[in-house]
2 protein chains.
Amino acid sequence: MPSYTAPVKDMQFVLHDVLKVTASDIPGYADLDAGFTSAVLEEAGKLASDVLAPLNPVGDREGCRLENGVVRTPAGFKDAFDQLRDGGWTALDCDPEYGGQGLPYLMGTAVGEILVSANMALNMYQGLTHGAYSAIHAHGTPEQKATYLPNMVSCKWTGTMNLTEPHCGTDLGLMRTKAEPQADGSYRITGQKIFISAGEHDMAENIIHLVLAKAPGGGEGTKGISLFIVPKFLVNPDGSLGQRNSLSVGKIEHKMGIHGNATCVMNYDGATGWLLGDLHKGMRAMFTMMNEARIGVGVQGYAVAEAAYQNALAYARDRLQGRDVTGVKNPEGPADPLIVHPDIRRNLMDQKSFVEGARAFTFWGASLIDRAHRTGDASAEGLISLLTPVIKGFQTDRGFDVAVAAQQVYGGHGYIEEWGMSQFARDARIAMIYEGANGIQALDLVARKLAADGGKHVMAFFELVKTFLKENETDDRLKAGFLDPLKAASKALQGAGMYFMQNGMKNPNAALSGSYDFMHLMGHVCLGLMWAQMAKAAYAALDAGAADRDFYESKIATGRYYMARQLPACAMHLARIESGAEPVMALKAEAF
Amino acid sequence: MPSYTAPVKDMQFVLHDVLKVTASDIPGYADLDAGFTSAVLEEAGKLASDVLAPLNPVGDREGCRLENGVVRTPAGFKDAFDQLRDGGWTALDCDPEYGGQGLPYLMGTAVGEILVSANMALNMYQGLTHGAYSAIHAHGTPEQKATYLPNMVSCKWTGTMNLTEPHCGTDLGLMRTKAEPQADGSYRITGQKIFISAGEHDMAENIIHLVLAKAPGGGEGTKGISLFIVPKFLVNPDGSLGQRNSLSVGKIEHKMGIHGNATCVMNYDGATGWLLGDLHKGMRAMFTMMNEARIGVGVQGYAVAEAAYQNALAYARDRLQGRDVTGVKNPEGPADPLIVHPDIRRNLMDQKSFVEGARAFTFWGASLIDRAHRTGDASAEGLISLLTPVIKGFQTDRGFDVAVAAQQVYGGHGYIEEWGMSQFARDARIAMIYEGANGIQALDLVARKLAADGGKHVMAFFELVKTFLKENETDDRLKAGFLDPLKAASKALQGAGMYFMQNGMKNPNAALSGSYDFMHLMGHVCLGLMWAQMAKAAYAALDAGAADRDFYESKIATGRYYMARQLPACAMHLARIESGAEPVMALKAEAF
């Protein structure tokens, strides 16, 4: 069975050596001293290793069952969820006014990574609740907040997002679910929603569904869409649970992975709902959930990869097979461990350098969200909105690749469910699809985010890279291994942007044909920037006489690997982008 | 439920326009006129579409069950296997002396692709039998051949390969299974083997296990290994079945995919076996099976991808979502089909250009095998031995990528088992692992095949590319789209070979650290060569006034896509290779 240990040391390095959180001017960050953050992360790590990780294969094996309209979660899930709740883990970065602990989003992200690594399916129940919490927090009336938020902060009640219908996923304008206004100010919601994660289960007293539906008078397409709060049990004025609402789970899906999470078809049969936010402005409110969910899914991308990597590494050290061609390493044993072999190393280094780079990238992104929310800094808001599709799309694609690569280290055992490596790959697969399939992330990046506010945010990103290069140009230790490849990668990204500007206006397909490659190219530049910053921080720690020299030297070596072995992908992506729309669009649809 | 249609037209194009089989000097090829090959392929396609493909999800859902020592295959498998047998499909390229039809290996490969696309798990039962047939055919005594081959050709009896043990997969020198010589010339085989595909099942009267074991006096490591024939039921002198042998299935594995194939733990408890081939030369005999199996797995790589692609394409045409940004394509409908969107195109073109390129590459490889076997041409033998790890490793990696990409086209539905796209990805995953994990293929390619016979075969390969480029240099239609990118890719491959030569002698890790990238780089060059040849053939057909102009024009467009969008990977692989061993090996094992 796979095991998991929270990478607290690595997280501390990002928080304190790289982001230098306590020196930041973001309100609340001064409190994040190393003693505090390590205590929180260690504690989360304990829960993750001892409670959540052992349940991960159980959830996969048992899955959820629908019995007489009730979904039964796998054995042990409810107890574990209670422990999550009781430990206050669901309330970490929530508003203290509603019982939250008010910690920065950054801390919620770091803890979230740990919980997801240990058990992605279980953690989704609280992750979705958090998204629904945020939407109500941002768009709800004072009464709605008072009614729902305290119990959602504690996860006594959980939440869901209801967007997709059988005939429409990405294209929400096709939506058929209807909301009819009632005399008392409520709405009657009627329609079917599919792919509703945690839509029904036995771990919470109530489930607060946020449902997109069309109310009369809103016009065609997405303009007519509003967002509604539709609780499983209506809530009485005194806060107690009232009548069962007219909604039910039609079936639960049999999926490739995340078996421990119930993916439901939800039927709303004239269910009672209340408008959340403005009428016919549901898409805006929904995006509050969605943007947060996309960062969360980006975390899933590398968090599952981290768990897979830890186990691949342990197996590579343990499994004896073949001899090191440069000289026997384990003369007492019948063979050397797998880790002596260069191709196994290459594989492990691919995994390690991605996961650590993605962690730094994500934590940086989370700190931008804190800056935007806690200081109202519009440039931080703009930058994170640019980076969100990269965090989601790039990290889930590469995270899946890493889970598959980790499985490969196990040879045949990787394919046998009992060893647990298949589950990591199967679970990781969904992250590329939900909350906007990765092709949609690429579209969002290229068609919307690049051009947003006159291209200001992507310019700011390039400026950031340029400033870093400039500030460190005299550092000979960074030059060849880090600065030069980062410069080349950034230049490729700029070249791609230039290509889009020059060609996209007269032919949008010239840009859209390269959107996926652009997303990956930008992901590599972001991780390259992170690795350059991490190397700088590691050298600084070494110069300052840090005790654990091995740790910092490993950081530098891992970074050098990423720059040397991963950044060469940038030129490939640029070449593909610059080949334009013609090769992509040449065939008529009938000619395929 | 997914459907499948055999791509007969595309196969015919490769056989007749590209390989020009009837004009070849390989004995037996003159009979392969277009009428004959299309009749065979259409007939196989009918069986595949009507019988095998509908059973594919059944096999996945039901899996195999072990009951009282007997493995029950999924409902319908036995009937379908009988139809395979009765149609003579298992005997296609087998020796007529033993009831085979004596067709070229090339035809067996084309039909094999069809059967695998429709139902990989079911087809493995006969695929492994064919491997065991080949080993007995090549190394058996006349008596052994007479005893076993006729029933194996007809698949009345099936076969297996028993290599792996719990503690040793790749490193067969660690093997513990023992063979003790008996007075009557037989051996008593004792030990446990794992991952035995089709090790036990209910579709054949007897199962002929080929088992690697150590007989006394052979010395350490792989030198002491011999190969034995160990039938489930001993065969009486009159050919009837005798006593049950002392072997049994310990358990069947619960796997990520290929659920319809029984992967068994086999226990040999003093089972009676007979030496196959020379004592202590078991590795050689085993490689007869292995090389064939590796080509077969390379077929699985692109065959499953073909099936996944067909369904992704159908979905992309059918599913209405969003509008073409360059102008509405389906004004009567609520939205345009997915296929109008550039990123969906990119994805579909990635799939299509890989599958068709891999088909041509594999068919060419199969024709090299025919040339080697039927004419004794040592250079063909050398070339295919060089290409085998590329066919296996590159095609299964990319084939898996394609299955995952096809799943992505379905959005959320791709993750739901009911739609069948998950099965393609899960089934395809094993092909990267078994018959030598792809890292081993890369090692075989770089450490053995490149240097074999003084590097003669890789030189011959480069010569072949050079000759093609030279012969067509005046063809302006091919130049920019095909010849230039092929030349650049081939130059990158030569650069990589040069790097290995200059650095590998003093540091083997410099070559081994780049082996995986080299395998992929070479795969791209091979597919680039195939696409250039296919484009040439398509232009020739157009010039000759071929009726179906759309087909040939699509070929050229698809080839242009591969050259423009896939070959840029070559420079990336070269850059990685040239970064050498240092980034890969920098970390000590303890420092990970």
Exercise for review: Please give the helix A:105-118 orientation as an angle from the longest Cα principal axis of chain A, in degrees from 0 to 90, rounded to the nearest 10.
Suggested key: 80
Review point. Which value, in Å³ per residue, describes the convex hull spanned by the Cα atoms of the stretch A:8-138?
Key: 116
Study note, to complete from the structure: Of B:ASP377, B:ASP50, ordered by accessible area with the largest first and a 1.4 Å probe, the sequence is B:ASP50, B:ASP377
Practice item. Quantify, in whole percent, the carbon and sulfur part of the accessible surface of the stretch B:470-546 (1.4 Å probe; protein heavy atoms only). Key: 56
Point to revise | Qualifying GluC sites (Glu not before Pro) for the stretch B:271-356 [loop in DSSP, other Cβ within 10 Å: at most 14] | key: B:GLU332
Review point. Ignoring ligands, DNA and RNA, how do B:SER117, A:SER379, A:SER154 rank by accessible area with a 1.4 Å probe, largest first?
Key: A:SER379, A:SER154, B:SER117
Study note, to complete from the structure: Applying the gyration tensor rule to the Cα atoms of the stretch A:15-64 (axes a ≥ b ≥ c; rounded if a/c under 1.5, else prolate if a/b exceeds b/c, else oblate), the class is prolate
**Study point:** Whole-angstrom Cα spans of the stretch A:272-338 along principal axes, big to small
**Key:** 73, 25, 10
Point to revise | 10 °C / 1.306 mPa s Stokes-Einstein diffusion coefficient of chain B, Kirkwood radius on C-alpha pairs, µm²/s | key: 64
Review point. Per residue, what volume in Å³ does the Cα convex hull of the stretch A:439-592 take up?
Key: 123
Practice item. Using a 1.4 Å probe over the heavy atoms of the protein chains, calculate the carbon and sulfur portion of the accessible area of the stretch A:8-138 as a whole percent. Key: 50
Review point. To the nearest 100 Å², how much accessible surface do chains B and A cover up together, summed over both, with a 1.4 Å probe?
Key: 7600
Revision key, fill the gap. A student asked for the Cα radius of gyration and Dmax of the protein assembly as shown in angstrom ought to give 30.1, 97
Study note, to complete from the structure: The ³J(HN,Hα) series, computed from each phi in the stretch B:198-204 with the Karplus coefficients 6.51, -1.76 and 1.60 at θ = phi - 60°, rounded to the nearest Hz and given as x for glycine or proline, is 6, x, 8, 5, 10, 10, 9
Check your understanding: Averaged across the residues of B:570-576, what count of C-beta atoms belonging to other chains lies within 10 Å of each residue's C-beta?
Key -> 5
Point to revise | Compactness relative to 2.2 N^0.38 Å, alpha carbon Rg of the stretch A:440-511 | key: 1.31
Practice item. Hey, can you find the accessible area per residue of the stretch B:159-280 for me, probe 1.4 Å, expressed in square angstrom? Key: 35
Exercise for review: Just give me a number: lysine pairs in the stretch B:159-280, eight or more positions apart or cross-chain, with C-alpha atoms less than 14 Å apart.
Suggested key: 6
Revision key, fill the gap. By the C-alpha gyration tensor axes a ≥ b ≥ c (rounded if a/c is under 1.5, else prolate when a/b exceeds b/c, else oblate), the shape of the stretch B:183-228 is oblate
Review point. What does the accessible area of A:ARG65 come to, in Å² to the nearest 10, when a probe of 1.4 Å is used?
Key: 120
Review point. Residues of the stretch B:247-281 losing 40 Å² or more of accessible area relative to the isolated chain, 1.4 Å probe, heavy atoms only?
Key: B:HIS254, B:MET256
Exercise for review: Anything losing 40 Å² or more of accessible area from the isolated chain to the full protein assembly: pick those residues out of the stretch B:322-368, probe 1.4 Å, ligands and DNA/RNA ignored.
Suggested key: B:VAL325, B:THR326, B:PRO342, B:ASP343, B:ARG345, B:ARG346, B:MET349
Review point. P(r) for the stretch B:501-592: what percent of alpha-carbon pairs falls in each 10 Å bin, starting at zero?
Key: 16, 30, 22, 16, 11, 5, 1
Practice item. Just give the residues from the stretch A:391-421 buried by at least 50 square angstrom of accessible area in the all-chains context relative to the isolated chain, probe 1.4 Å, and say none if nothing qualifies. Key: A:GLN408, A:TYR415, A:ILE416, A:GLU417
Exercise for review: Please list, or write none, the aspartates and glutamates whose alpha carbon is within less than 13 Å of the alpha carbon of A:LYS588, excluding same-chain residues fewer than 8 places away.
Suggested key: B:ASP550, B:GLU553
Practice item. Would you work out which of A:HIS209, A:LEU529, A:VAL458 lies farthest towards the positive end of the dipole of chain A? Charges go on Cβ: Lys and Arg +1, Asp and Glu -1. Key: A:VAL458
Review point. Can you list the HN-Hα couplings for the stretch B:519-525, worked out from phi with the Karplus curve (6.51, -1.76, 1.60; θ = phi - 60°), rounded to whole Hz and with x for Gly and Pro?
Key: 4, 6, 4, 5, x, 5, 5
Revision key, fill the gap. Placing one equal point scatterer on each C-alpha of the stretch A:159-280 and summing with Debye, one gets log10 I(q)/I(0) at q = 0.13, 0.15, 0.16, 0.18 Å⁻¹ equal to -0.49, -0.65, -0.74, -0.92
Practice item. Of the DSSP beta bridges with both residues in the protein assembly as shown, give the percent that are antiparallel, rounding to the nearest 5. Key: 85
Exercise for review: Over the stretch A:1-145, give the accessible area per residue in Å² for a 1.4 Å probe, as an integer.
Suggested key: 37
**Study point:** Cα-only radius of gyration and Dmax that characterise the stretch A:297-424, units Å
**Key:** 18.6, 63
Check your understanding: Which chain A residue puts its Cβ closest to the axis that rotates A onto B, and at what distance in whole Å?
Key -> A:MET572, 2
Practice item. Between copies, how far apart are the B:GLY454 label points? List them in nm, one decimal, shortest first, with each point 7 Å from Cα toward Cβ, please? Key: 7.0
**Study point:** Accessible area per residue, Å², the stretch A:456-592 with all protein chains present, probe 1.4 Å
**Key:** 40
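The values are calculated or read from the model by the stated rules, or taken from the named source; none is laboratory data. Values in this document were obtained by computation on a predicted structure and should not be read as measured data. No Cβ is skipped: glycine too gets one built from the backbone with ideal geometry, and neighbour counts run over all protein chains shown. For the accessible areas, the whole protein counts, side chains as well, though only heavy atoms, and no ligand, DNA or RNA atoms are used. Shrake-Rupley method; radii C 1.70, N 1.55, O 1.52, S 1.80 Å.
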